[in-house]
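The values are calculated or read from the model by the stated rules, or taken from the named source; none is laboratory data. Keep in mind that this is a model prediction, so the values were computed, not measured. Because the Cβ atoms are built from the backbone with ideal geometry, glycine has one as well, and the counts that use them run over all protein chains shown.
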Amino acid sequence: MDSGFRRNDEMPGRKRLYGYQCSYYVLIMPLPDFLQFTPVEVTGRRQAWEPWQQVEFIAALARGVSLDQAARLVGKSRNTAYSLRRQPGAASFTAAWVAALNHAKERRKAAREAGGG
């Protein structure tokens, strides 16, 4: 399944959102409520997720991209995604994650119903 996403370093015209580089997809889509979350602040660690990576990860989940692929799209792993959820102050990120998965589920359901199957 082609998610329509590309890693930031593969994007010829990277844009900036909230001061962070984001894919073009994140900028052209209307921002649903679940993308308006407070990114987790994790500093001083090599595995830290920048806020733009958190936004793109959540957007990818909302599009129906698998957890593994969504993490890879922002240069991270599934394990570090789950670690991020366990960090102090991750309640907003976790809520956005759950909302994005529910959004993707609803999109799949609507597509099935529209397709007659």
- [ ] Spot the failing condition for residue 95; the list is (1) closer than 14 Å to residue 37 by Cβ; (2) buried (at least 17 other Cβ atoms within 10 Å of the Cβ), and only one is missed.
- [x] (2)
Task: Filter result (free of Cβ contacts under 8 Å to residues at least 12 places away in the same chain and either within 14 Å of the chain's Cα centre (by Cα) or in a loop (DSSP other than H, G, I, E, B) (or both)) within region 77-117 - done: 77, 78, 82, 86, 88, 94, 98, 102, 115, 116, 117
Task: Contacts under 8 angstrom Cβ, first residue in region 61-76 being free of Cβ contacts under 8 Å to residues at least 12 places away in the same chain, partner not in a loop (DSSP other than H, G, I, E, B), 6 or more apart - done: 68/78
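For region 39-67: of the residues being over 19 Å from residue 102 (Cβ atoms) and among the acidic types (Asp, Glu), which is surrounded by the most Cβ atoms within 10 Å (Cβ to Cβ)?
Checked region 39-67; the qualifying residue surrounded by the most Cβ atoms within 10 Å (Cβ to Cβ) is 50.
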TODO: Please indicate, with yes or no, whether at least one residue in region 47-60 is among the acidic types (Asp, Glu), at negative phi, outside any loop (DSSP other than H, G, I, E, B) and modelled with pLDDT of 80 or more.
DONE: yes
